[in-house]
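The values are calculated or read from the model by the stated rules, or taken from the named source; none is laboratory data. Fair warning: this is a prediction, and the values are worked out from it, not measured in the lab. Glycine also receives a Cβ, built like all others from the backbone with ideal geometry; neighbour counts cover every protein chain displayed. Just the protein is used for accessible areas: all its heavy atoms, side chains included, with ligands, DNA and RNA removed. Shrake-Rupley method; radii C 1.70, N 1.55, O 1.52, S 1.80 Å.
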Amino acid sequence: ELSYTPSEIEPRWQEIWETERTWEVGNDEDDREKSYVLVMLPYPSGEPHIGHLKVYSVGDAVAHFHRRAGKRVLNPMGYDAFGLPAENNAIKTGQHPRDSTAKSIASFQRQFREWGISIDWTREFGTHEPTYYRWTQWIFLQLFHHGLAYRKDSAVNWCPNDATVLANEQVVDGRCERCGHEVEIRQLEQWFFRITDYADRLVEDLSTIDWPEHVKTMQRNWIGRSEGAEVNFRCEDLGIDYPVFTTRPDTLFGATFFVMAPEHPDIERLAQGSGNEEAVREYVNRSLTRDKEERGDADRQKTGVFLGRTVTNPVNGEQLPMYVADYVLMEYGTGAIMAVPGHDQRDYDFATAYDLPIRRVVEGAPEDGGDEHGLPYPGDGPLVNSHPDFDGTPNREALRAIVDWLDREGKGHQSVNYRLRDWLLSRQRYWGCPIPIVHCDACGIVPVPEDELPVELPDVEDYAPKGRSPLAAAEDWVATTCPTCGGPARRETDTMDTFVDSSWYFLRYCDPRNDEAAWDPRIVAQWSPVDQYIGGVEHAILHLLYARFFVKALHDLGHVSHDEPFSRLFTQGMILGEDGEKMSKSRGNVVSPRDIAAEFGVDTARCYVLFIGPPDQDAKWDIEGVGGVHRFLTRLWRLSATVAQELPDHPVPDELSGDDLALMRKAHWAIEKVTADMAGRFAFNTAIAAVMELTNECSRAYNVGSPSPGPLRFALATAASLLFPFAPHTASDAYERLTGDRVWEEPWPAADPDFLDEDTFELVCQVQGKVRDRLQAPSSATPEELKALALGSEKLAPYLEGKTIVKEIVVPGKLVNIVVR
Ligand code: ANZ
Ligand code: ZN
């Protein structure tokens, strides 16, 4: 009895791939089409988990499929080694980040090899290596020289626990994305990338890439492009114009009050002398401690305080009372709004709470809700109660006319607003890429000359965060000379956000050992863009937006020729614990890929994480299912080994019948099914299921002893060949036993149409709209053929006799209706 022993099979094949450097690919083009298949690089903190196994199994299946489809595949690997996870892990375990990172990287490397992932190891790097971050610094300088990296004093998100600033993208529900601590607002000098310059293109170009719709929607919402107008409201008392941003200038005649954000710099001044100073000050102080998400929440009770002043509505001269209220945010628009309670829900809630007038200026009824007057009404319709020139005019038309009028009068203009803010990239942390800048008293901010890069991260004794960067303590390193005047200067001590490192690594993979430049543009052009990018949906906004921005900026600066990094994106779902909860140490439901591999073999683990369900969806771990997959691999391998040993190596005969024909048909059916599942929609689960079906047919045929050796060998070798992208070791072994060949050197199998059952459907045949027959029709039939089929039906004949056919209506794939007279 032959026994399936993954512990023997798997290392044997891994060694062949390793010593023969099977998965390496050079940069010399040949006549094959290129395919850049990339899985997001891991953060090396701790050990790889089951989610890693899944995502790299997905990537590997795609890479293998493309290779065997005749493409030249680039499938590299690296480590996103800087940043908070690595540093926090280091602080927790008391090791220097460099050591703990190196240890984690070694663990990832070992497991990638043990999993048999087909990586081109010659291109590997960690983003913390000076040979890499030298070029991260170089890119920073390119952006700096073109005004796309700048420093400014601003209110920033501060995590007191991690003692660092956070980008807006890293604040979730008012809390630090990493540690969950509540975020505070602090006023600090920080470095920014001018991503807002690219807001329009980042929205528009989404239409040029093949990404899941929900990811595009998340990016669109994050960028939050709004078209509207800026309109000036004058406070006559102070003689100051306060502009507001509105998407609805058509509702200007419905403005009944005016609201400013608590952070608005003029609040104190406005309240002065109103008799309301104390209440205003108290309200402002209270608001500052509330987080933004909560303030923006539509359902929250609206609060505010009267400022004791009015502004003039530019379209009708009405005096509108001014309020301070925390539902208006300082970061958006101008930090002040005109309130139109008749048509905006938040304004309506505020007006009801403070007994302010509500006026309808657009006709129409809301789809749901609204008060007894149908207000607030957010929709479109003709204007009312506005101005004789506009009343009766459709509001969208009036909107344009009103903006033109404002423009002519100098009281406003068309404007586009974005939710997106510039990318705050500086961090007061140790474990990151140093910002290549020095500060000189005489010359100010001076970039480090390119030939002095990299600015290496010095070793420090104490790398724990304490409010200023730990680098500030490395005095020898900080003290330097100014590249411009030669006088004494100080190095910038902040480091870069780790998202900077991962915004260009996919370019470096193309030309990873280049020490003259970040890359050779011709080599990058040859591989780019990434054809298939694979990773977690948690990166839908941050990483994917930043990388798109980098590529567009580098494109504009002439460093790359493409301007979208990832043509196609796949986001994989999570593997949940057996209890349906997210796997976590505290829940005790964590499954370790090493344990599973040790018990069942790597191929079982790989196959199972792909078989568990559609790979873009979350799925529950199920140990029974693991056993099922293991039995399937065992059956396939054993049968292959047995047949290879027992049965002669006959070719498939030309004339086939009975079980032989059935088995050949099944094999070709499986080829077609797996190919379609792989090429179209990443349906690895149904692809594996098809190989299981084919294997079962082979077993059945072998057990009843009916098929000839040729067809059985062919069907089994086909099963192994189709299984290869998912279980490469087992498949290679089975295939070699059956054919003597290496499966990865074989082209992807093609289904022979002669063996494919033609697809049919049920054709409904009607006369005068009444169903008279149902026939099986080939899916490929033309409308003419369908008509002919229906007209030939015996059941229709009595209804057609003696009649004249006036019309035949054909609905392909469904019915034929014959109209007679
Ligand atoms: C009058 C109006 C009437 C508005 C109406 C809406 C509906 P989006 O679409 O998200 O861009 N707004 C402007 N600045 C704001 C701020 N800093 N804080 C809170 N709200 C602000 O939203 C634009 C609308 O949000 C603007 O248009 C403004 O209210 C409000 F029937 O102006 B609107
Ligand atoms: Zn100087």
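If you average the sequence gap of Cα pairs under 8 Å that are 6 or more apart and divide by the length of the range 463-601, what percent do you get for the contact order?
Numbers: 137 pairs, mean separation 23.0, N = 139.
Computed over the range 463-601, the figure is 17 percent.
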Provide Rg and Dmax in Å for the range 594-669, with only Cα atoms included in the calculation. 17.1, 49
For Asp299, net neighbour charge (Lys/Arg +1, Asp/Glu -1) across residues whose Cβ lies under 11 Å away: 0
Could you pull out every residue, at least 5 positions away or on a different chain, whose amide H is within less than 5 Å of the one on Met574? Hs are placed 1.01 Å off N in the peptide plane, and Pro or chain starts have none. Asp618, Ala619
Nearest 10 degrees, 0 to 90: helix 277-288 Cα axis against the chain principal axis: 20 degrees
Quick one: Karplus J couplings for the range 644-651, per residue in order, coefficients 6.51, -1.76, 1.60, θ = phi - 60°, nearest Hz, x for Gly and Pro? 4, 7, 8, 9, x, 8, 8, x
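With +1 on the Cβ of every Lys and Arg and -1 on the Cβ of every Asp and Glu, and nothing else charged, how large is the dipole of the chain about its Cα centre, in debye rounded to the nearest 20?
On the way: 84 positive and 132 negative charges, 159 e Å.
So the magnitude is around 760 debye.
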Overall Cα dimensions of the range 689-812 - principal axes, largest extent first, Å: 68, 31, 21
Could you list which residues have their amide H under 5 Å from that of Ala339, counting only those 5 or more apart in sequence or on another chain, with H placed in the peptide plane? Thr256, Phe257, Phe258, Val259
For the range 442-526, state which trypsin sites (Lys or Arg not before Pro) are in a DSSP loop and have at most 16 other beta carbons lying within 10 Å of their beta carbon. Lys466, Arg468, Arg513
Hey, any idea what the orientation-averaged projected area of the convex hull of the range 562-697's Cα atoms comes to, in nm²? 12.7 nm²
So what's the range 179-227 giving for Cα Rg divided by 2.2 N^0.38 Å, two decimals? 1.55
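Find, among the trypsin sites (Lys or Arg not before Pro) in the range 560-653, those assigned to loop by DSSP (not H, G, I, E, B) with at most 12 other beta-carbon atoms within 10 angstrom.
Details: sites: Arg568, Lys582, Lys585, Arg587, Arg594, Arg606, Lys620, Arg631, Arg635, Arg638; in loops: Lys585, Arg587.
Counting only loop positions with at most 12 other Cβ atoms within 10 Å, the trypsin sites (Lys or Arg not before Pro) in the range 560-653 are Lys585, Arg587.
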Report the convex hull volume per residue for the range 376-437, counting only C-alpha atoms, in Å³. 202 Å³
Please work out, to two decimal places, the log10 of the ratio I(q)/I(0) at q = 0.16 Å⁻¹ from a Debye calculation in which every Cα of the range 427-520 carries one identical scatterer. -0.75
Compute the FRET efficiency between Glu372 and Asp210 as 1/(1 + (r/R0)^6), taking r as their Cβ-Cβ distance and R0 = 56 Å, and round to the nearest 0.05. 0.70
Radius, Kirkwood style, for the range 679-750 when every pair of distinct Cα atoms is counted (Å): 12.7 Å
What is the percent of Cα-Cα separations in the range 356-510 that go past 23 Å? 63 percent
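What is the Cα convex hull volume of the range 38-172 when expressed per residue in Å³?
Numbers: hull volume 22.1 nm³, N = 135.
About 164 Å³ per residue, rounded to a whole number.
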Would you work out what percent of the accessible area of the chain, with all protein chains in place, is carbon or sulfur (probe 1.4 Å)? 47 percent
Apply 1/(1 + (r/R0)^6) to the Cβ-Cβ distance of Glu538 and Leu188, taking R0 = 30 Å, and write down the FRET efficiency to the nearest 0.05. 0.65
By what distance, in whole Å, do the Cα atoms of the chain stretch along each of the three principal axes, largest value first? 103, 93, 50
Cα-based shape type of the range 346-397, given that a ≥ b ≥ c are square roots of the gyration tensor eigenvalues and the cut on a/c is 1.5: oblate
For the range 421-468, evaluate the Debye formula with one uniform point scatterer on each Cα (no solvent term) and list log10 I(q)/I(0) at q = 0.13, 0.33 Å⁻¹, rounded to two decimals. -0.42, -1.18
Work the Kirkwood hydrodynamic radius out for the range 195-316: mean of 1/r over every pair of different alpha-carbon atoms, inverted, in Å. 17.6 Å
Given the C-alpha centroids of the range 210-226 and the range 561-588, what is the distance between them in whole angstrom? 18 Å
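What ranking do 170-179, 272-281 get when scored by the average of other Cβ atoms within 10 Å per residue, highest first? Let's see the in-between values first.
Values: 170-179: 16.4, 272-281: 14.8.
Put in order of decreasing packing, that is 170-179, 272-281.
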Karplus ³J(HN,Hα) for the range 472-484 (6.51 cos²θ - 1.76 cosθ + 1.60, θ = phi - 60°; Hz, whole; x = Gly/Pro) runs 4, 6, 7, 4, 4, 6, 5, 6, 8, 10, 6, x, 8
Where the Cα atoms of the range 10-86 are projected onto their three principal axes, how long is each span, largest first, in whole Å? 44, 29, 20
For a Förster distance of 51 Å, can you work out the FRET efficiency between the beta-carbons of His49 and Asp757, rounded to the nearest 0.05? 0.75
Can you put Asp355, Asp391, Asp60 in order of accessible area, largest first, using a 1.4 Å probe? Asp355, Asp391, Asp60
Please state the equivalent ellipsoid semi-axes for the range 123-199: what are the square roots of 5 times the Cα gyration tensor eigenvalues, largest first, in whole Å? 26, 19, 11
Once you treat every alpha carbon in the range 311-399 as an equal point and sum by Debye, what is log10 I(q)/I(0) at q = 0.23 Å⁻¹? -1.30
Apply the Kirkwood formula to the range 500-545: the hydrodynamic radius equals the inverse of the mean of 1/r over all pairs of different alpha-carbon atoms; give it in Å with one decimal. 11.8 Å
Taking the Cα centroid of the range 694-771 and of the range 446-507, what is the distance between the two, rounded to the nearest whole Å? 59 Å
Which distance in Å, rounded to a whole number, links the C-alpha centroids of the range 368-427 and the range 238-286? 19 Å
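Using helices alone, what [θ] at 222 nm do you get for the chain, with -39,500 (n - 2.57) per DSSP H run of 4 or more residues, divided over all residues and rounded to the nearest 500?
Values: 26 runs with 302 residues, N = 821.
Rounded to the nearest 500, it is -11500 deg cm²/dmol.
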Karplus-derived HN-Hα couplings along the range 191-198 (A = 6.51, B = -1.76, C = 1.60, θ = phi - 60°), whole Hz, x at Gly and Pro: 9, 10, 9, 7, 5, 5, 4, 9
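Please give me, ordered by residue number, the GluC sites (Glu not before Pro) of the range 200-244 that lie in loop per DSSP and have at most 12 other Cβ atoms within 10 Å.
Counting only loop positions with at most 12 other Cβ atoms within 10 Å, the GluC sites (Glu not before Pro) in the range 200-244 are Glu236.
Per residue, how many Å² of accessible area does the chain show with a 1.4 Å probe?
Details: 35420 Å² over 821 residues.
That works out to 43 Å² per residue.
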Please list the non-local residues whose amide H lies under 5 Å from the amide H of His650, H modeled 1.01 Å from N, same-chain partners needing a gap of 5 or more. Gly710
Given a cut-off of under 8 Å on Cα pairs at least six residues apart, what relative contact order in percent is computed for the chain? 13 percent
